[in-house]
1. Output the helices (runs of 4 or more DSSP H) that fall wholly within segment B:72-189 and possess 1 or more residues being within 19 Å of the chain's Cα centre (by Cα) and at the interface with chain A (Cβ under 8 Å from one of its Cβ atoms), or say none.
2. Among (1) touching a helix residue (DSSP H, G or I) at 6+ places or on another chain (Cβ under 9 Å); (2) of a type outside the set (S, T, N, Q); (3) within 10 Å of chain B (Cβ to nearest Cβ); (4) open to solvent by 40 Å² or more (accessible area, probe 1.4 Å), there is one condition A:MET90 misses while meeting the rest; what is its number?
3. With the requirement that a residue be under 21 Å from the mean Cα position of the chain (by Cα) and within 11 Å of another protein chain (Cβ to nearest Cβ), what does segment A:145-199 give you?
4. Anything in segment C:25-62 that is within 14 Å of chain B (Cβ to nearest Cβ) and among the small types (Gly, Ala, Ser)? List them, or say none.
5. Please list, ordered by first then second residue, the pairs with beta carbon atoms under 8 Å, 6 or more apart or interchain, first in segment C:24-39 and in contact (Cβ under 8 Å) with a residue 60 or more places away in the chain and polar (S, T, N, Q), second open to solvent by 10 Å² or more (accessible area, probe 1.4 Å) and assigned to a loop (DSSP other than H, G, I, E, B).
6. What are the residues in segment C:248-261 that are open to solvent by less than 30 Å² (accessible area, probe 1.4 Å) and in contact with a strand residue (DSSP E or B) (Cβ under 7 Å, 6 or more places away or on another chain), if any?
7. Kindly indicate whether B:THR233 is more than 21 Å from B:LEU303 (Cβ to Cβ), away from every other protein chain (no Cβ under 11 Å) and open to solvent by less than 30 Å² (accessible area, probe 1.4 Å).
Amino acid sequence: MRRPASAFIVHGILGLYTLLALFPIILVIMNSFKAKRAIFNTPLQPPMPWNFDLIGYTKVFGDSALASYYLNSIVVTVGTIFFTLLFGAMAAWALTEYKFRWNTALGIFLAIGIMVPIRLGSVSIIQMVADLNLINTLTALVLVYVAQNLPLAVFILSEFIQQIPKDLREAGRCDGLSEYNIFFFIILPLLRPAMATVAVFTMIPVWNDLWFPLLLAPTGGKQTITLGVQQFLGQYITDWNAVLAALSTAIVPVLILYVIFSRQLIRGLTSGAVK
Amino acid sequence: MSTPHLVGVSRGAYMRSLVFFLAPAVLIYSAFSIYPLLNTILNSFYDKQDNGTFIYNGIANFTTLLTDPTWSAPFWNAFWNNCKFFFIHMLVQNPIGLLLAALLSLPVLRFRSAYRTLIFMPTMLSVVVIGFSWQLILSPLWGIAKMLLQGVGLGFLFGPWLGQESTALLTISLISVWQFVGIPMILIYTALLAIPDELIDAATVDGLNQFQAFFYVKLPLIWPTIGLVSVLTFVNNFNAFDLVYAMKGALAGPNFSADIMGTLFYRVFFGNQLQNGDVSMGATIATMMLIIILCGVMVYLFLVQRRLQRYSF
Amino acid sequence: MAEVRIEKLHKSYGQVDVLKDINLIVEDGSFVVLVGPSGCGKSTLLRSVAGLEPVTGGDISIDGRNVSDLAPAKREIAMVFQSYALYPHMNVENNMAFGLKFAKTPKAEIAARVAEASRILQLDALLKRRPKELSGGQRQRVAIGRAIVRKPKVFLFDEPLSNLDAALRVNTRVEIANLHKLLKATILYVTHDQVEAMTLADKIVVMNQGRIEQAGKPLELYYKPANLFVARFIGSPAMNILPAKISKDGKSVLVQGTKLPLGLKPQNGEMIQFGFRPEHSAFAKSGIPVTVNLIERLGEVGYAHCRTVDGLSVLVEIKGDPKLPVGTKAFVTPANQHMHIFDENGDRLNA
């Protein structure tokens with residue numbers, strides 16, 4: 001049972017792929033800190049004192065409204081997570097706990113959303129948002145993203161709620177709590193780990209989405225950072241410093257969040273897939 | 001009068017609490033997810049006139065899309081590109097994901113979580129970042145890709161892949177694979193973890209080596225997950241838009257060689273320098289995409305659900 | 001069948017020693033049971049013999065051949081796992097034939113062996129079914145069948161009865177005992193249940209914290225436990241243990257204020273542990289003074305839970321229905337030839 005040779009191959013393959021996965025990212029971030037000539041002449045060299053240059057970053061943060069776009073992304077993401085979790089938990093609770101005539105039908109109705117891509121209804125969504133006078137608002141984005149993420153959130157949270165022992169709710173009822181109280185004071189606190197998972201799971205796709213910001217909030221200062229970087233890149237396409245800096249500012253926050261939350265994220269991904 | 005379910009709670013109060021809990025989710029979901037979808041399908045049966053009104057058109061839009069050369073040529077082009085996109089993912093992304101998952105699930109492995117975290121990282125990044133970073137790397141101007149290929153003696157392979165009709169779609173597909181390999185990897189990895197250790201011990205005692213244990217014991221038991229991964233790939237690929245748009249814009253050049261149904265839809269609906277926006281035809285394309293995706297899902301449900309019985313523990 | 005010889009076996013995980021200096025012989029054709037509390041190392045020892053766990057030191061020999069560096073498949077062993085470990089995607093017949101196919105056994109031979117195992121275990125009606133269509137007991141038999149077809153030199157059983165319900169456990173225990181006689185197999189068997197150990201074993205090996213506390217025939221361990229641990233582990237309900245003072249000449253012991261006669265050699269120390277089993281004691285006119293707390297009647301036999309003057313618990317077996325209301329003060333006399341003395345290290349002091 002001792003085979004050092006095969007361990008070498010295993011780590012070789014894994015290591016090689018990890019390098020492949022990380023290489024573009026490292027390259028971009030590294031070169032964003034270098035002067036233009038160094039980028040072209042010695043692209044593989046890490047930023048050294050003699051080629052260090054922050055000119056790209058000054059352009060990024062000085063010339064454009066990218067900082068405000070960060071704020072937009074944060075508002076949209078946090079808003080989406082908040083409402084998805086709240087409404088999702090409430091719906092999951094009702095579907096799991098209460099027996100009523102349309103329980104199963106409603107469950108299936110919501111489950112459809114998991115598999116069917118909501119983007120295909122964009123035509124109508126745009127019309128609706130325009131009719132409601134919500135074009136170029138963050139509200140429109142939050143509404144759409146909540147609708148998009150509710151089905152999966154309800155599904156995952158339902159599974160968790162089912163694991164909460166029935167005794168707790170019954171003790172609550174015996175103690176005289178109303179159904180609303182039971183939900184908000186007993187169930188919700190116990191759902192925290194599940195909600196953390198769903199939050200992390202929802203956060204990244206919403207932050208990174210290009211489609212809906214492009215369709216619903218393309219101008220007027222309400223762009224998300226993803227769209228903003230896209231537009232910035234289109235504008236500064238020949239300015240390599242600015243471009244690399246912009247990319248890095250888009251990469252780094254996500255990476256940091258990811259490294260912090262990677263365990264929850266992977267757990268959320270796998271529990272969501274066991275449909 | 002008590003509800004059948006809760007003693008001492010009046011029917012009215014019971015209903016009220018139900019509505020309270022369910023309403024927000026159901027309303028938002030129906031309004032912004034289901035209704036638009038149905039409306040889009042409806043829209044595809046109408047034709048928008050120049051004066052803004054809609055007249056009922058039956059399936060004329062569909063026939064136009066599929067047979068009228070002005071529409072059908074780009075449509076079928078986009079459709080075939082989607083198919084190629086899908087095939088490349090199935091041939092490259094999923095086997096690599098399977099290989100990585102198999103390696104990660106080995107009983108003894110140092111740095112396991114580090115590998116897992118790092119390999120999954122590209123999936124976290126936005127398409128904008130990925131699209132542009134790769135554009136830079138593959139750009140003949142910067143020359144990094146060329147330099148690296150020359151380093152391993154494959155310099156002759158290099159070309160302006162993104163700018164060439166023959167290789168643009170392939171290149172973008174591979175970049176998409178690079179981004180998303182983490183997902184099949186994680187899903188298959190989790191499925192492999194669910195296989196009880198004792199089963200592998202039994203196989204070891206039965207005389208199987210690592211490879212044989214993988215092919216004859218583990219693989220059969222994860223077929224359901226592989227099926228799931230396949231249908232997810234299908235849905236994602238036929239729904240794709242972001243990467244192509246980020247790298248090539250709405251025109252998905254060169255010469256529409258990277259055009260997929262998503263970009264076609266975007267172009268048709270919103271118009272561009274070549275044509276005006278066409279709401280009805282846009283809706284038609286979206287409906288076609290829906291139908292294609294639903295067909296794929298139906299095939300999956302039918303095939304896999306039948307086989308699913310065989311492999312449960 | 002063959003003899004298994006384990007010499008100076010040692011296994012550690014980093015700083016932690018999981019198995020310490022294990023020396024054991026499993027005689028050809030004998031049924032040896034490894035028993036002990038959770039974490040004592042019995043499963044680890046079994047898996048080491050199987051080759052599923054690497055060891056840090058020592059040797060394992062099967063049938064005279066040193067197998068310490070060999071893979072499980074080459075050791076000519078067969079293992080029955082606690083959760084049966086049947087391949088879910090194969091039917092019963094293929095489950096049993098699977099390993100043989102990989103050993104490149106000829107098809108006719110495979111068919112013959114599967115047929116024979118099936119006959120012995122009465123699996124003929126189940127051959128085409130899949131594991132999830134079988135009950136727990138049936139799955140257990142298939143797992144045993146899979147082991148039989150390999151014609152191993154040694155059978156290894158890892159707590160095979162733990163997942164069965166109580167009634168089924170008794171039946172299957174008898175089946176395993178019969179199987180042993182029929183096949184004249186060398187069996188190494190792990191369990192945490194001392195009743196299984198007592199009834200099935202030719203030799204019991206009691207383990208604790210990676211060490212062998214005592215190995216011997218079941219009744220040997222029952223009547224002459226080598227130390228406190230074995231004394232308390234074997235026998236249910238457990239032996240009564242009371243602190244006592246032994247006289248310098250070894251002729252008497254002072255227990256809870258009462259002097260009882262002994263027949264030991266002159267002693268060095270004074271403080272000892274005094275033990276006697278509930279079934280080897282009775283209420284009498286004199287002896288250890290106790291107060292009766294609770295009577296448990298199980299039919300013809302029962303147990304009186306008592307407390308000594310120092311508040312220590314003592315169990316006495318009672319027969320029939322004696323009048324012993326709670327609070328009765330009585331005297332307990334242990335049977336003379338069934339008294340156990342353990343020194344301050346917990347080891348047995350012998351006459």
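1. It comes to B:94-104, B:112-124, B:127-138, B:165-180.
2. (4)
3. Within segment A:145-199, A:TYR145, A:VAL146, A:ALA147, A:GLN148, A:ASN149, A:LEU150, A:PRO151, A:ALA153, A:VAL154, A:LEU157 meet the criteria.
4. C:SER43, C:SER48, C:ALA50, C:GLY51
5. C:SER30/C:ASP202; C:SER38/C:HIS192
6. If the condition is that a residue be open to solvent by less than 30 Å² (accessible area, probe 1.4 Å) and in contact with a strand residue (DSSP E or B) (Cβ under 7 Å, 6 or more places away or on another chain), then C:SER252, C:VAL253, C:VAL255, C:GLN256, C:THR258, C:LEU260 are the ones that fit.
7. Criteria not met by B:THR233.
Here's the yes/no breakdown for (1) surrounded by fewer than 18 Cβ atoms within 10 Å (Cβ to Cβ); (2) at pLDDT 90 or above; (3) closer than 20 Å to C:ASN163 by Cβ:
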site	(1), (2), (3)
C:LYS8	yes, yes, no
C:LYS11	no, yes, no
C:GLN15	yes, no, no
C:LYS20	yes, yes, no
C:LEU24	no, yes, no
C:ARG47	no, yes, yes
C:GLY58	yes, yes, no
C:PRO72	no, no, no
C:VAL92	no, yes, yes
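The values are calculated or read from the model by the stated rules, or taken from the named source; none is laboratory data. All values reported here derive from a predicted model rather than from experimental measurement. Note that each Cβ is placed from the backbone with ideal geometry, even for glycine, and that neighbours are counted across all protein chains shown. Side chains are part of the model used for accessible areas, which takes the heavy atoms of the whole protein and leaves out ligands, DNA and RNA. Shrake-Rupley method; radii C 1.70, N 1.55, O 1.52, S 1.80 Å.
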